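Asks: I am attaching a structure below and will ask some questions about it afterwards.
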Amino acid sequence: MNRRSLIGTGLAVALVGCAYYNGLYNANRLADAASKADREGRPGEAQALWAQAAVKAESVVARYPKSKHRDDATLLQGRALQASGQCSRAMAPLLSTITITSEHDLRDVALLTLGQCLLQMEKPDSAVRVLTQVGEGADSANAAEARYWRGRAFMAMGDNEAAVSDLEASAADLGRFALAIAYSRLGRGADAARVLQPQVGKRYPEGVWLATLDSLGAAHPHVTTDLVDRLVARRSLTKGQRARLLLADGRRWSRLHDDRRAKERFAAAAEAAPDSTEGREAVAERFMSRLRLTQNLGEAAAILDSLGSSDQSAIATLPAAAGARRILQRAVANLVPDTSGAAQLAMFLAAEQLRDSLRALPLARSLFIELPMRYPGSVLAPKALLAAVALDPARADSLLEVLRLRYPTA
């Protein structure tokens, strides 16, 4: 081969090598940008960048199958596909890396990523088997992360005791949140609070906090409210973040039928960010809580009269609250004496709607009791008394006595 041919061959090899490294460099650069977007709470942008990184890495693998860095590119392709939500496509490159590579670190990362994929694909038992192979006998960062994901897999299987064992050993901040949920499922609210309290002063991943508090709230509402108060006290949180925390806490208390506490939380949320979407939702939710605490039509009329234009505008944004106001307005309209059959039916239906649709039980009971007093000859009077008995067990005997004496054939 002459000198010119040697130079040409060398130049071609150099150009191929340069193209290969440029391709892998660009794929890694996109992966780094995706990781940064993930850390900074930009999931949509992160997913798009991971998808681009997967395409770049796949191109490198296809064009340079004999490169000594093929395993790196194959693993990057699998990681990027998993992170972009394409686990079904990620399986092949991850399994290829696990089977072929001789490098323990690459194999561990591939196993770790495969375990995450299996968990995303709702195969937690398979995820446990795969993740158990990561860093066997080694004290590595990969092994620690594998314990976090294996703990998550145990949680998905309902084995919270095993999850606690793995998650306690995980140093990752996200592991603390998962651990708190596992403790909560085991009825250990104090332990859940213990592991979350140190997180209050750290970086605030809003979605993770809101989801964790919701998981704790049903079984340990007081623990959850205490954590919310600690978070709200942080100066680094925005008004909107404070309002969202308080609004969610109010809704949790509402689901527990503690409308008095719910009303207080909604009022605090509205005050935290009055001009925000969350603030308006809080005003509407507070109206619902007030309605559920209302004892009679006189109080209901006073609530309607107290609503300012901004309150009414906020209530209109929440369909349930807007519907509640209409029902309340119809019920209050019955304060005007009217002996027609239509008025009797309207009163009975309003009471049923207050009971069934709005859970405004004291007000519904008041209407059911008032109907036979106002319309003693109505065919609906016996039904109203029976409905009142179901809502007021303490007065059941006296109400049933009235029913027996006034409507013996009912």
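The values are calculated or read from the model by the stated rules, or taken from the named source; none is laboratory data. Note that the coordinates shown come from a computational prediction; the quantities given were computed from them, not determined experimentally. Neighbour counts are summed over all protein chains in view; Cβ atoms, including those assigned to glycine, are modelled from backbone coordinates with ideal geometry. Ligands, DNA and RNA are stripped out before the accessible areas are found, and what is left, the full protein with its side chains, is counted by its heavy atoms. Shrake-Rupley method; radii C 1.70, N 1.55, O 1.52, S 1.80 Å.
Asks: What are the residues in the range 230-249 that are open to solvent by 70 Å² or more (accessible area, probe 1.4 Å) and not hydroxyl-bearing (Ser, Thr, Tyr), if any?
Replies: Passing the criteria: Arg230, Ala233, Arg235, Lys239, Arg244.
Asks: Something else: Filter the range 136-155 for residues that are farther than 19 Å from Gly78 by Cα, open to solvent by less than 40 Å² (accessible area, probe 1.4 Å) and either touching an Asp or Glu at 6+ places or on another chain (Cβ under 6 Å) or without any contact (Cβ under 8 Å) to a residue 12 or more places away in the chain (or both) and give the result.
Replies: Within the range 136-155, Gly151 is the sole residue that qualifies.
Asks: Going by what's in this entry, would Thr99 be described as open to solvent by less than 30 Å² (accessible area, probe 1.4 Å) and either of a type in the set (A, V, I, L, M, F, W, C) or in a helix (DSSP H, G or I) (or both)?
Replies: So Thr99 fails the test.
Asks: For the range 83-105, check the following and say yes or no: at least one residue is of a type in the set (Val, Ile, Thr) and free of Cβ contacts under 8 Å to residues at least 24 places away in the same chain.
Replies: Yes, the range 83-105 contains a residue that is of a type in the set (Val, Ile, Thr) and free of Cβ contacts under 8 Å to residues at least 24 places away in the same chain.
Asks: What residue, among those in the range 389-410 that are out of contact with any Leu (no Cβ under 9 Å at 6 or more places or on another chain) and outside any helix (DSSP H, G or I), is surrounded by the fewest Cβ atoms within 10 Å (Cβ to Cβ)?
Replies: Ranking the qualifying residues of the range 389-410, first place goes to Thr409.
Asks: Restricting to the range 111-134, count the residues that are closer than 19 Å to Asp72 by Cβ and either assigned to a loop (DSSP other than H, G, I, E, B) or open to solvent by 50 Å² or more (accessible area, probe 1.4 Å) (or both).
Replies: Total satisfying the criteria: 1.
Asks: Just to check your reading of the model, which residue among Leu391, Leu367, Leu385 is touching a residue at least 40 places away in the same chain (Cβ under 8 Å) and under 42 Å from the mean Cα position of the chain (by Cα)?
Replies: Within the list Leu391, Leu367, Leu385, the selection yields Leu367.
Asks: Another question about this same structure. Yes or no: Val55 in a helix (DSSP H, G or I), β-branched (Val, Ile, Thr) and buried (at least 17 other Cβ atoms within 10 Å of the Cβ)?
Replies: It is false that Val55 is in a helix (DSSP H, G or I), β-branched (Val, Ile, Thr) and buried (at least 17 other Cβ atoms within 10 Å of the Cβ).
Asks: Quick one: is Ala92 more than 20 Å from Gly44 (Cα to Cα) and surrounded by fewer than 24 Cβ atoms within 10 Å (Cβ to Cβ)?
Replies: yes
Asks: As an exercise: evaluate Arg70 against (1) modelled with pLDDT under 95; (2) buried (at least 24 other Cβ atoms within 10 Å of the Cβ) and give the number of the one condition it does not meet.
Replies: (2)
Asks: Same structure again: Can you pull out the residues in the range 348-361 that are in a loop (DSSP other than H, G, I, E, B) and surrounded by fewer than 17 Cβ atoms within 10 Å (Cβ to Cβ)?
Replies: Within the range 348-361, Ser357, Arg359 meet the criteria.
Asks: State yes or no: is Gln329 surrounded by fewer than 17 Cβ atoms within 10 Å (Cβ to Cβ) and at pLDDT below 85?
Replies: Yes, satisfied.
Asks: Go through the range 21-43 and report how many residues are out of contact with any Leu (no Cβ under 7 Å at 6 or more places or on another chain), open to solvent by less than 60 Å² (accessible area, probe 1.4 Å) and of a type outside the set (S, T, N, Q).
Replies: 3
Asks: Still on this structure, I have one more. Would you please name the residue that is surrounded by the most Cβ atoms within 10 Å (Cβ to Cβ), looking only at residues in the range 273-309 that are of a type in the set (A, V, I, L, M, F, W, C) and without any contact (Cβ under 8 Å) to a residue 24 or more places away in the chain?
Replies: That would be Leu307.
Asks: Please specify each residue of the range 159-176 satisfying the condition of being open to solvent by 10 Å² or more (accessible area, probe 1.4 Å) and modelled with pLDDT of 95 or more.
Replies: Residues satisfying the conditions are Asp159, Asn160, Glu161, Ala162, Val164.
Asks: Tell me which of these Leu106 doesn't satisfy, since it passes every other one: (1) touching an Asp or Glu at 6+ places or on another chain (Cβ under 8 Å); (2) at pLDDT below 95; (3) over 20 Å from Ala53 (Cβ atoms).
Replies: Going through the list (1) touching an Asp or Glu at 6+ places or on another chain (Cβ under 8 Å); (2) at pLDDT below 95; (3) over 20 Å from Ala53 (Cβ atoms), Leu106 breaks only (3).
Asks: Give me the helices (runs of 4 or more DSSP H) completely within the range 227-293, filtered to those with at least 1 residues that are hydroxyl-bearing (Ser, Thr, Tyr), ordered by residue number.
Replies: By residue number, 239-255, 277-293.
Asks: Tell me which residues, restricted to the range 362-388, are hydrophobic (A, V, I, L, M, F, W, C), assigned to a helix (DSSP H, G or I) and buried (at least 18 other Cβ atoms within 10 Å of the Cβ).
Replies: Leu363, Ala364, Leu367, Phe368, Ile369, Leu371, Ala381, Ala384, Leu385, Ala387, Ala388
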